[in-house]
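Below you'll find the structure, written out as structure tokens, and then a few comments.
The values are calculated or read from the model by the stated rules, or taken from the named source; none is laboratory data. Note that this is a predicted model, so its numbers are computed, not measured. Here the Cβ positions follow ideal geometry from the backbone for every residue, glycine too, while neighbour counts run over all protein chains shown.
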Amino acid sequence: MTREETESTRSLQVAFVTGAAQGIGLATVERLARDGFRVIAMDRNADQVTQQANRLAGLGLDVLAAAVDVCDRAAVVAVLDSQPRIDAMVCAAGIYNDAPLLDLTEDAFRRMLDVNVIGTFIPAQEAARRMQAGGRIVTISSRGALGGTRFAHYVASKAAVVGLTRAMAMELRGRQIAVNSVAPGFTDTPMTRSAPAEMFAAWEALEPAGKAATPDLIANAIAFFAAPSTQFVTGQTLFVDGGKSLGGLGI
């Protein structure tokens, strides 16, 4: 390796993104890659994440695919150790499903917590163990953490992510590792599109802008927290919901 290549490798920022095969995770992979990161796109759907990574690589972006379940610590460790450094870790993997409170099962509740909370905790913890000063961890919570109907398990999981983010930020600030969360509002993703069309339309009509956000709008906020220039910001949750979390619109 030449001196120039060695210096280039040292200066290269490396980011890992979970839930990277579609939606907000995929939009984040592309945004960070366009910002100059080498991005390792992690998702349990091996075929889809590989296809998307190859597509982005074909555009000249530095993107690699890794098939991994975020709840499998050994698999997460293997992927993180595949790169010589970790500058940013974006925990975007998550699930959602709809169920009235009185119909909600313990199995559904546990599964939601496993993926949305434990699946955030494991990659964040393992990334923090490998990060140098200046590292950034970004979690994905949700405006839904403020409450809602027909998805109490999702609300609980995303509220837990907000608390986890603050706790990690407090413990890691002495090591100069920043931990922040982005809380999207209603966003047009394959996950939200899995709802019945009439339900999607009803949700969209409740948005202040009259429409759902696009994944790239959420990725913009994630990129802000993932950038080296914002490392001094930590323990924050940024709501990206068109102002819906403000409450009544007023006149």
>> Against the condition in contact with a Gly (Cβ under 8 Å, 6 or more places away or on another chain) and surrounded by fewer than 24 Cβ atoms within 10 Å (Cβ to Cβ), how does Gln13 come out, does it pass?
In response: yes
>> Give all pairs with beta carbons closer than 9 Å in which a residue from the stretch 30-41 that is on the phi > 0 side of the Ramachandran plot meets a residue that is surrounded by fewer than 22 Cβ atoms within 10 Å (Cβ to Cβ); count only pairs at least 6 apart in sequence or on separate chains.
In response: Gly36/Leu12; Gly36/Gln13; Gly36/Asp62
>> Kindly evaluate Ser229 against the criterion of being under 15 Å from Gly144 (Cβ atoms) and exposed (fewer than 15 other Cβ atoms within 10 Å of the Cβ).
In response: no
>> Please go through the stretch 87-115 and give me each residue that is within 18 Å of Phe16 (Cβ to Cβ) and touching a Ser or Thr at 6+ places or on another chain (Cβ under 9 Å), ordered by number.
In response: Met89, Val90, Cys91, Ala92, Ala93, Gly94, Val115
> So which of Ala57, Ala99, Ala78 ends up being of a type in the set (Gly, Ala, Ser), surrounded by 13 or more Cβ atoms within 10 Å (Cβ to Cβ) and either closer than 25 Å to Glu30 by Cβ or in contact with a Lys or Arg (Cβ under 6 Å, 6 or more places away or on another chain) (or both)?
Replying inline: Ala57
> Can you tell me which of Ala65, Ala167, Ala133 is loosely packed, with under 15 Cβ neighbours inside 10 Å, under 18 Å from the mean Cα position of the chain (by Cα), at pLDDT 95 or above and under 23 Å from Phe225 (Cα atoms)?
Replying inline: Ala167
> Does the stretch 170-218 hold any residues that are in contact with a Ser or Thr (Cβ under 7 Å, 6 or more places away or on another chain), more than 27 Å from Arg150 (Cα to Cα) and surrounded by fewer than 20 Cβ atoms within 10 Å (Cβ to Cβ), and which are they?
Replying inline: Arg173
>> Criterion first (assigned to a helix (DSSP H, G or I), modelled with pLDDT of 95 or more, under 18 Å from the mean Cα position of the chain (by Cα) and of a type in the set (Lys, Arg)) does Arg31 satisfy it?
In response: yes
>> Condition check: part of a helix (DSSP H, G or I) and modelled with pLDDT under 95. Does Glu204 satisfy that?
In response: yes
>> With the requirement that a residue be part of a helix (DSSP H, G or I) and free of Cβ contacts under 8 Å to residues at least 24 places away in the same chain, what does the stretch 58-110 give you?
In response: Gly58, Ala74, Ala75, Ala78, Leu102, Asp103, Glu106, Asp107, Arg110
> Any idea which residue in the stretch 16-28 is surrounded by the fewest Cβ atoms within 10 Å (Cβ to Cβ), counting only those that are touching a residue at least 60 places away in the same chain (Cβ under 8 Å) and assigned to a loop (DSSP other than H, G, I, E, B)?
Replying inline: Gln22
>> Quick check on my filter: what residues within the stretch 170-196 are of a type in the set (Gly, Ala, Ser) and within 25 Å of Gly23 (Cβ to Cβ)?
In response: Ala178, Ser181, Ala183, Gly185, Ser194, Ala195
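To keep it simple, each residue is scored yes or no on (1) touching a helix residue (DSSP H, G or I) at 6+ places or on another chain (Cβ under 9 Å); (2) in contact (Cβ under 8 Å) with a residue 60 or more places away in the chain; (3) in a helix (DSSP H, G or I); (4) more than 14 Å from Gly23 (Cβ to Cβ).
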{"position": "Pro208", "(1), (2), (3), (4)": "yes, no, no, yes"}
{"position": "Ala219", "(1), (2), (3), (4)": "yes, yes, yes, no"}
{"position": "Phe224", "(1), (2), (3), (4)": "yes, no, yes, yes"}
{"position": "Leu238", "(1), (2), (3), (4)": "yes, no, no, yes"}
